[in-house]
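The values are calculated or read from the model by the stated rules, or taken from the named source; none is laboratory data. Everything quoted here is computed from the prediction, not taken from an experiment. Here Cβ is always computed from backbone atoms with ideal geometry, including for glycine, and neighbour counts include all displayed protein chains. The protein model used for the area step is the full one, side chains on, heavy atoms only, and it has no ligands, DNA or RNA in it. Shrake-Rupley method; radii C 1.70, N 1.55, O 1.52, S 1.80 Å.
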Amino acid sequence: MGVIISKISIYLPSQILTNDDLLLEAEGTTLTSQKIYSKLGIKQRHIAADGETSLDLAYNACINVLENFIKENIDFLLFCTQSPDYILPTSACLLQDKLGLNTKTGAIDFNLGCSGYIYGLALAKGLIEAGVASNILLVTAETYSKMLNPKDVSNRSIFGDGAAATILSRSNDNGIFHIELGTDGSGFSNLIVENGGFRNPLSKLVLQNSFKNNYLDMNGPEIFNFTLDSVPKLVESVLKKNNMNLTDVDYFIFHQANKFMLEYLRTKIGIAREKFYINLERTGNTVSATIPIGLQDAQEKGLIRKGDFVMLCGFGVGYSWGATIIKI
Amino acid sequence: METKTFLLKLQEALGEDELLTVDTKFEDLSLFDSMAIMMIIAFVDEHFRQTISSKQLNEMKTVGDLISIIGLDRFH
């Protein structure tokens, strides 16, 4: 008995922000469209419209994934987002209703970013193996654009909005192997939206705060240092946990943070270029959706085929990280 | 590493046309921005297996400062 990924579908909001569009709004920046493309690997990103939330993106991704699937068979809904519709109730509850899933479905939200998909796989695998569920709809949907200061050209050039819906099913075969997870909360302040939660509620005092505190603030150098330190170790430990060597893995899909960081990680770890997925050209960094979007893209392009062992590796905000090996 | 080699390799990593000296100020470089900082972090990791914190990067003004951060004992 095991767990397999049955299907993945994605949804990207229709509004597109190209590098040129973004730079029209930027005063006195040294960034150019060419530089954003050559260093970050991004040409454009999709941006949710006003009034279009991560729940809307999630809904559309789910509609896509439920095509030709008997939706009554879904018995659990896992919704990963850091931009929920409400403080409460749980956005996954609203999603259950919008999708018309039967009321015997379990539904929870979980708040993670770049590591979200791996944690979602871990939760789904646990629920299925424990007999709590048989067909799980794991949705990773994010709208970081809504948390960025309009003047923050640097972060606006990196992040894009998007969603992916994955169906995970109990099966006679097993497609998801041992998962390695990790956390280091000492890095919490290096990728944060400081105000608006219960620690610093939005109030008159807080609204007077600086440029960054009401919006997403990312300490790029510290995040880079964190990935250089933790990702190679994560790759080593997930291989060890699965009794595999680097060469046993057919393909690697890491969280698509930015091209420069990914290329450097690839060479540092020693992964061959043709086995390593880098593609965030049209989407930017869609946070918890990058890995499933990459998986779907890699399959469509024939970069991965049935029987391939693929390592998935997510790392970032929290700090939080996780990796696993799946079999296509 | 030889200081001369370091200066050439750093110049190449940063994509700068002009030769660097220990007195070169980072803010004077035409291409110096958040992406250049990323490249410096990768450069120091690759060649010296060292981490350089955001605090050190903020305080760093010249190429000479970077050399001091890495440690003069790593150069000849």
Mind listing just one residue for me: the one in region B:23-44 that is over 25 Å from residue A:223 (Cβ atoms) and surrounded by fewer than 15 Cβ atoms within 10 Å (Cβ to Cβ) and, of those, farthest from the other protein chains (Cβ to nearest Cβ)?
B:23
Name, by its number, the condition in (1) farther than 24 Å from residue A:227 by Cα; (2) open to solvent by 50 Å² or more (accessible area, probe 1.4 Å); (3) touching a residue at least 24 places away in the same chain (Cβ under 8 Å); (4) within 14 Å of another protein chain (Cβ to nearest Cβ) that does not hold for residue B:47.
(1)
Hits in region A:265-284 - residues which are within 14 Å of chain B (Cβ to nearest Cβ) and either under 16 Å from residue A:316 (Cα atoms) or surrounded by 22 or more Cβ atoms within 10 Å (Cβ to Cβ) (or both)
A:265
Identify the single condition in (1) more than 14 Å from every other protein chain (Cβ to nearest Cβ); (2) within 20 Å of the chain's Cα centre (by Cα); (3) of a type in the set (Val, Ile, Thr); (4) open to solvent by 10 Å² or more (accessible area, probe 1.4 Å) that residue A:247 does not satisfy, given that it satisfies every other one.
(2)
Only residues that are surrounded by 24 or more Cβ atoms within 10 Å (Cβ to Cβ) and hydroxyl-bearing (Ser, Thr, Tyr): list them for region A:133-168, please.
A:140, A:143, A:144, A:157, A:166
Can you run down the residue pairs with Cβ atoms below 6 Å, 6 or more apart or on separate chains, where the first is in region A:244-264 and closer than 26 Å to residue B:38 by Cα and the partner is modelled with pLDDT under 95 and of a type in the set (D, E, K, R)?
A:260/A:39
From A:168, A:127, A:138, A:121, which residue is part of a helix (DSSP H, G or I), hydrophobic (A, V, I, L, M, F, W, C) and within 21 Å of residue A:9 (Cα to Cα)?
A:121
Give the residues of region B:5-22 that are farther than 24 Å from residue A:257 by Cα and at the interface with another protein chain (Cβ under 10 Å from one of its Cβ atoms), sorted by residue number.
none
Among the helices (runs of 4 or more DSSP H) confined wholly to region A:10-104, which include 3 or more residues that are in contact (Cβ under 8 Å) with a residue 12 or more places away in the chain and surrounded by 20 or more Cβ atoms within 10 Å (Cβ to Cβ)?
A:54-65, A:91-99
Could you check, for region B:47-55, whether at least one of its residues is touching a Gly at 6+ places or on another chain (Cβ under 9 Å), assigned to a helix (DSSP H, G or I) and under 21 Å from residue A:40 (Cα atoms)?
yes
